[in-house]
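Q: Quick one: the structure is below, questions incoming.
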Amino acid sequence: MQPKKIKIFSFPCHASTERTSGVDFVRVIQPMQYLNGYKDDEVEIETHIWDVNTKEVTNWLGVAKTYDVIYLNYINNPWGFAAMGAMARKHGVKLVLDLDDSLWNILPDNPAAEVFKKDGEAIKNFTAICNEVDYMTCTNSYLKNVIVHNTMKRHEQIKVFLNYIDLKLYSHRSPFKDTQQIQITHFGSTTHFIDLSSEGFIDGMDKILKEYPNVSVKFVGALLPSLKEKWGARYFHDYGHTDIFHWIQDKDKFSKFMDETDIIVTPLAENVYNRCKSSIKFLEASSAKKPGVWEKIRPYAEIVDGTNGFLAHSSQEWYDKLKILIDDIALRKKMSEEAFKTVKNDWQIQNHLKEYAHFFKDILTK
């Protein structure tokens with residue numbers, strides 16, 4: 001029996017000529033790049049990824065006549081979706097929309113909060129688009145339930161694809177840093193003001209900085225003047241990059257920040273929006289062999305086990321876990337190796353292509 005041939009048109013909706021967004025890359029571009037040319041006994045996949053930089057004009061009639069599936073990031077543009085959807089419906093093309101955040105529960109410090117405000121036009125349009133597509137994909141089972149709650153989608157119409165990482169792209173491995181000066185680093189965008197201001201994290205860090213004069217803190221991405229005032233010369237700030245490839249490949253960005261870091265910290269406020277997040281920051285930091293203390297919340301509790309990282313929530317937990325890693329150099333080194341081993345063994349995109357291939361085969365046979 002010949003494998004079923006499937007042609008997928010991938011549409012990273014947030015792409016611009018200025019940047020490739022992280023969500024476009026991780027959720028659509030990366031898996032579709034590796035899926036192109038995939039073949040096993042049951043399925044053979046060909047993918048085409050729309051590239052804004054080529055100024056490619058999207059002819060949706062031509063796409064609908066050529067491809068079996070259109071795989072896209074979330075959008076709230078009703079006219080754009082209508083142009084795509086009408087041609088897809090006419091020619092029997094399956095529409096699959098990916099979602100990596102609960103836009104219905106977006107937090108006020110997110111730049112998109114005003115766009116996706118409750119009962120606003122954008123969230124209504126987005127919900128209507130979710131109802132219209134044939135299937136959805138998302139980052140975890142919690143978000144899957146949130147989608148069911150807010151749309152007319154049923155559980156069997158939503159597939160969970162976890163976020164994975166490409167260690168060929170994230171190829172930098174930081175040498176272990178064994179110095180008296182300890183740097184604690186957080187990296188993340190301006191969407192983390194609320195998280196970084198959480199009482200447990202701030203109180204725990206206060207205790208650490210009072211006890212250890214050799215410890216400094218750097219936030220890459222989110223600048224909090226209140227913390228600069230509180231922690232003074234012990235608080236540093238720098239910028240990442242909005243383009244995922246610049247962030248990873250620029251020697252003055254990801255690799256530099258990882259090399260100067262001893263411990264990664266990632267606080268997250270406990271709410272629906274954050275419970276829908278993935279563990280992508282753990283994957284990134286661990287790819288560079290960095291130990292960390294991670295918020296005790298669903299995204300990290302499902303991957304961090306005490307050997308590859310610590311979990312914390314209360315001020316005492318943040319203090320205790322950071323203190324252990326500051327004091328125990330051997331443990332810090334062992335944890336960095338265990339974190340990398342976790343990513344290498346279980347979280348590389350190349351090892352999960354069959355999940356994607358057979359999902360697309362299944363939806364085309366229903």
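Q: For region 182-346, state what percent of all Cα-Cα pairs lands in each successive 10 Å bin, counting from 0 Å until the bin that includes the largest distance.
A: The calculated distribution, bin by bin, is 10, 42, 40, 7, 0.
Q: Using the beta-carbon distance between Arg173 and Lys90 and R0 = 51 Å, what value does 1/(1 + (r/R0)^6) give for FRET efficiency, to the nearest 0.05?
A: E between Arg173 and Lys90, to the nearest 0.05, is 0.50.
Q: Apply the Karplus curve 6.51 cos²θ - 1.76 cosθ + 1.60, θ = phi - 60°, to the phi angles in region 212-229 and return the couplings in whole Hz, x for Gly and Pro.
A: So the J values, rounded to whole Hz, are 10, x, 8, 9, 10, 10, 10, 9, 9, x, 9, 9, 10, x, 5, 6, 4, 5.
Q: Skipping prolines and chain starts, which residues have an amide H placed within reach, meaning under 5 Å, of the one on Ile264, given they are 5 or more residues away or on another chain?
A: Excluding prolines and chain starts, which carry no amide H, the hits are Thr185, Gly292, Val293.
Q: In nm, what is the difference between 0.36 nm times the number of residues separating Lys344 and Lys4 and their Cα-Cα distance?
A: So the chain would gain 119.3 nm between Lys344 and Lys4.
Q: Is it possible to state the helix-based mean residue ellipticity at 222 nm for the chain, with each DSSP H run of 4+ residues giving -39500 (n - 2.57), the sum divided by total residues, to the nearest 500 deg cm²/dmol? What is it?
A: Dividing the helical sum by the residues of the chain leaves -11000 deg cm²/dmol.
Q: In addition: From the backbone phi of region 293-298, what are the Karplus-calculated ³J(HN,Hα) couplings (6.51 cos²θ - 1.76 cosθ + 1.60, θ = phi - 60°) in whole Hz, Gly and Pro given as x?
A: 10, 10, 4, 7, 9, 2
Q: Summing Lys, Arg as +1 and Asp, Glu as -1, what charge do residues with Cβ under 11 Å from the Cβ of Tyr74 carry, Tyr74 excluded?
A: Counting the neighbours of Tyr74, the net charge comes to -3.
Q: If one takes the longest principal axis of the Cα atoms in the chain, at what angle in degrees, from 0 to 90 and to the nearest 10, does the Cα axis of helix 78-90 lie?
A: Computed tilt is about 50 degrees.
Q: Once each part is reduced to its C-alpha centroid, what is the distance from region 48-124 to region 170-228 in angstrom?
A: 36
Q: In percent, what relative contact order does region 291-364 have, based on Cα pairs under 8 Å that are 6 or more apart in sequence?
A: 28
Q: Find the Cα radius of gyration of region 21-117, compare it with 2.2 N^0.38 Å by division, and give the number to two decimals.
A: Normalised Rg, Cα atoms only: 1.24.
Q: Once the other residues with Cβ under 14 Å from the Cβ of Leu95 are scored (Lys, Arg +1; Asp, Glu -1), what is the net sum?
A: Here the charged neighbours net out to +2.
Q: I've got another one for you. Please list 217-225, 276-284, 175-183, 153-161 highest first by mean number of surrounding beta-carbon atoms within 10 Å per residue.
A: 276-284, 217-225, 153-161, 175-183
Q: Here's a follow-up. Working only with C-alpha atoms, what are the Rg and Dmax values of region 96-211, expressed in angstrom?
A: 19.4, 57
Q: Provide the FRET efficiency to the nearest 0.05 for the Asp328-Ala301 pair, computing r from the beta carbons and using R0 = 30 Å.
A: 0.85
Q: Given H placed on each backbone N at 1.01 Å, which residues far from Lys159 in sequence or on other chains put an amide H within less than 5 Å of it?
A: For Lys159, whose amide H was placed from the backbone, the distant partners under 5 Å are Met136, Thr137, Cys138.
Q: For every other residue with a beta carbon closer than 14 angstrom to the beta carbon of Lys341, add +1 if it is Lys or Arg and -1 if Asp or Glu, then tell me the sum.
A: Net charge in that neighbourhood comes out at +2.
Q: Right, something else. List the pair-distance distribution P(r) of the chain, using every Cα-Cα distance, as the percent of pairs falling in each 20 Å bin from 0 up to the bin containing the longest distance, rounded to whole percents.
A: Taking all Cα pairs of the chain, the binned fractions are 28, 55, 17, 0 percent.
Q: While we're on this one: Give me, ordered by chain and number, the residues 5 or more places off Ser10 or on other chains with an amide H under 5 Å from its own placed amide H.
A: Counting only residues 5 or more places away or on other chains, the set is His48, Ile49, Trp50, Tyr71.
Q: If I take every Cα pair under 8 Å that is 6 or more residues apart in the chain, average their sequence separation and divide by the length, what percent do I get for the relative contact order?
A: Relative contact order for the chain comes out at 17 percent.
Values in this text are rule-based calculations from the coordinates and carry no lab data. Bear in mind that the values here come from a model prediction, so they are computed numbers and not experimental data. Note that each Cβ is placed from the backbone with ideal geometry, even for glycine, and that neighbours are counted across all protein chains shown.
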